[in-house]
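What follows is a set of notes on a single structure, which appears directly below.
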2 protein chains.
Amino acid sequence: MELFRKRIDLLREKLDELGIDSFLTIDPVNIGYICGFSGSPAVLVISKGLPSLLVPRRDEEQAGREVGGLVEVIAVEGSVLEEAYGFLKKKGVRSVGMEADKISHSEWRKGSWRMRGIRRVICKGVVEGMRMRKSPEEIDAIRGASRVSVEVFGAIPGFLSPDMSEMDLAAEIEYRMRRGYKARAAFDTIVAYGPNSAIPHAIPTDRVPGEGDSIKIDLGAKLHGYCSDMTRTIFWGRPSEEMKKVYGIVLEAQLSAIDAVRSGVKAKDVDLAARSIIERAGYGGMFVHPTGHGIGRAVHEGPSIWKKEDTVLETGMVITIEPGIYIPGLGGVRIEDTVLVRDDGAEVLTGDAGKDMLVLA
Amino acid sequence: MELFRKRIDLLREKLDELGIDSFLTIDPVNIGYICGFSGSPAVLVISKGLPSLLVPRRDEEQAGREVGGLVEVIAVEGSVLEEAYGFLKKKGVRSVGMEADKISHSEWRKGSWRMRGIRRVICKGVVEGMRMRKSPEEIDAIRGASRVSVEVFGAIPGFLSPDMSEMDLAAEIEYRMRRGYKARAAFDTIVAYGPNSAIPHAIPTDRVPGEGDSIKIDLGAKLHGYCSDMTRTIFWGRPSEEMKKVYGIVLEAQLSAIDAVRSGVKAKDVDLAARSIIERAGYGGMFVHPTGHGIGRAVHEGPSIWKKEDTVLETGMVITIEPGIYIPGLGGVRIEDTVLVRDDGAEVLTGDAGKDMLVLA
């Protein structure tokens, strides 16, 4: 509760700075961050006095359990957002900060007349900005989620068998997270064998491992509301010379980017540290995504580790470092860690999962 | 492919009727329905000639595999939607239908100047309207997903044990869907014991079953892109007299609503069929959600089975029927089936899972 109170106070300070007297969010991740409610849909309104959470009647009891005392729960019929418009009007607020990047154009238009007389201010990224730097409690939670990823990954060589399809392995990974650690998958686990691993976000299929296949496993756990994200590429039997070479390049790029991470460095320079190595090796056209992204309550959040991103890394940010090379028809290699930014460098939270080339079978 | 071509043709007819020459959607479910692409984010543009799918470079290969021949794939850097605005401008379209309920206000505003000169028409629910009536192929897919739900539910009495927490049972259910049927959970499985079952959308906890607990299990499978949704409430040892009574009322309400389903009936009359029984029994205030919802590619889609919904049911629609009574502190009972609307009545797709009160242990 104390943590939530602090966040509400900080948000109020930001509203004061912006010269607005209230704030409204429909984003479930932001709502969870500010007051701890885990349901959806809902609208959180910050104005004078106790914050208010508007939920469907269905979720009234759950909301009371989760935020009672901190926030007043208002159960509504129909659209929570439209009810919130009326609520702000009734409360007599004069201006409201709204996340125009989260609210649909239709819903925004409805607000135009339901909130006539209230000044609407586009507040994009205010809460997301707060979320970027993690508190010690949040870092502990991500550390816990990272440990689950590392341990579940570590068990794979012990149970992966020649008849285990990509779908089966993904199911096994998520089952172990839940039964063994009370964690959920932070996202749909990616398991891709051989040529399928050339698709960065492959959806697991029926394919079973073939001789020499790369096995790309991208897994993340969500524990106590926080996510981890990790990828390893291992091999089923001896890989081809080209895949061996590619593995070495991706690993060098990943280590180089981790080495570049510290407070005060621009996100784009971390991207460059990985990208330049892959480009120099002639595979630049096959590294088709950013080097990484922030991670926390959401598996993807700010900052993006991308060549156009000027955000300066700060101590307490948690990001992924995940360069990859994808060769259509042949296969792909991606190596990813969840990494904490510190004053003097990076702490790799998923570091206990080895990165030397691992050949099974 | 033939199915997708038909849908594209039908959508074009609708655009002609509306007097607009192109259409744009960012909704992954609508995109999957119209052309079969399963990734996200993406923008699908229908105008003259081949439809176009804009995807991040990362997803280019996957898109080519999934929609090649039917749709031209355009890989872009940066925001797919902003690139789509420029693309429409370059193509020289004069008007574009857009789903203002899916596009954020910020993104809509960006379109205001990037698409200057193009008339934007709010097209809400055009594709959703097409999706409501299912084709025979779609009904078969939902039938298959329903069978998975029924069979996995049927196995529960064989493995549920006194030390199995809500979380464990949810994990077990989803694991069996995946390993046994190559299906995914259509949504986070709800398992709630005893007082927790009074929360309609409870999140599974550490609780193990206690004597006399109601055990509410809301599970759905997604198979070949289509969902099923089913709830049963069973008991761990003898339930209290009140819970027995409540079970009987909910079951009567559910059967009565199913009985009311047929082509030509209004959705609200189906809701009324269930609601009036629960109200007459004095539990109206504890039936805190609609009687049901449409289901298909999305677990929740149109029509809503709700007291304010005037939509007329048509043959080929698939809906859920799921009344419930939730008594804070005591527990809740919900009974839900996935149901196909026919000319002469309802076909219950999850009907093989019995609804007589089941007492375990």
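The values are calculated or read from the model by the stated rules, or taken from the named source; none is laboratory data. Values in this document were obtained by computation on a predicted structure and should not be read as measured data. Here Cβ is always computed from backbone atoms with ideal geometry, including for glycine, and neighbour counts include all displayed protein chains.
Points worth noting:
- Count of region B:285-328 residues, restricted to those that are more than 10 Å from chain A (Cβ to nearest Cβ) and without any contact (Cβ under 8 Å) to a residue 24 or more places away in the chain, is 1.
- Test for A:Ile199: is it crowded, with 19+ Cβ neighbours inside 10 Å, out of contact with any Gly (no Cβ under 7 Å at 6 or more places or on another chain) and either within 27 Å of A:Arg147 (Cβ to Cβ) or hydroxyl-bearing (Ser, Thr, Tyr) (or both): no
- Looking only at region B:39-92, and only at residues there that are part of a loop (DSSP other than H, G, I, E, B) and touching a residue at least 60 places away in the same chain (Cβ under 8 Å), the one that is surrounded by the fewest Cβ atoms within 10 Å (Cβ to Cβ): B:Gly69
- Flag for A:Ser228 being within 12 Å of chain B (Cβ to nearest Cβ), crowded, with 22+ Cβ neighbours inside 10 Å, out of contact with any Cys (no Cβ under 6 Å at 6 or more places or on another chain) and not basic (Lys, Arg): no
- Of all residues in region A:93-122, those satisfying the criterion of being touching a Leu at 6+ places or on another chain (Cβ under 8 Å) and assigned to a strand (DSSP E or B) are A:Val96, A:Gly97, A:Met98, A:Val121.
- Among residues of region B:134-157, those that are more than 30 Å from B:Phe235 (Cα to Cα) and surrounded by fewer than 17 Cβ atoms within 10 Å (Cβ to Cβ), counted: 4
- Meets criteria (closer than 25 Å to A:Leu223 by Cβ, more than 11 Å from chain A (Cβ to nearest Cβ) and not acidic (Asp, Glu)) for B:Ser161: yes
- Residue in region A:14-23 that is touching a Phe, Trp or Tyr at 6+ places or on another chain (Cβ under 6 Å), more than 15 Å from A:Met115 (Cβ to Cβ) and either buried (at least 20 other Cβ atoms within 10 Å of the Cβ) or within 13 Å of chain B (Cβ to nearest Cβ) (or both) present: yes
- Residue list for region B:170-206, restricted to those being within 8 Å of chain A (Cβ to nearest Cβ), within 15 Å of B:Gly331 (Cβ to Cβ) and more than 19 Å from the chain's Cα centre (by Cα): B:Ala198, B:Ile199
- Restricting region A:207-224 to residues that are in contact with a Pro (Cβ under 7 Å, 6 or more places away or on another chain) and at negative phi, the residue that is nearest to the other protein chains (Cβ to nearest Cβ) is A:Val208.
- Residue in region A:54-70 that is over 30 Å from B:Met286 (Cβ atoms) and either within 13 Å of chain B (Cβ to nearest Cβ) or basic (Lys, Arg) (or both) present: no
- Residue check, A:Ile234 in contact with a helix residue (DSSP H, G or I) (Cβ under 6 Å, 6 or more places away or on another chain), aliphatic (A, V, I, L, M), in the same structural domain as A:Gly351 (by TED's automatic domain parsing) and over 21 Å from A:Ile142 (Cβ atoms): no
- Within region B:241-329, strands (runs of 3 or more DSSP E) holding 1 or more residues that are aromatic (Phe, Trp, Tyr) and in contact with a Gly (Cβ under 7 Å, 6 or more places away or on another chain): B:324-327
- Some residue of region A:335-350 being free of Cβ contacts under 8 Å to residues at least 40 places away in the same chain and either surrounded by fewer than 20 Cβ atoms within 10 Å (Cβ to Cβ) or of a type in the set (D, E, K, R) (or both): yes
- In region B:158-179 there is at least one residue matching the filter, namely being touching a residue at least 60 places away in the same chain (Cβ under 8 Å) and crowded, with 18+ Cβ neighbours inside 10 Å.
- Beta carbons closer than 7 Å, at least 6 apart along the sequence or on distinct chains, pair a first residue in region B:93-120 that is within 10 Å of chain A (Cβ to nearest Cβ) with a second that is surrounded by fewer than 20 Cβ atoms within 10 Å (Cβ to Cβ) and of a type in the set (Ser, Thr, Tyr) for B:Ala100/A:Ser106; B:Asp101/A:Ser106.
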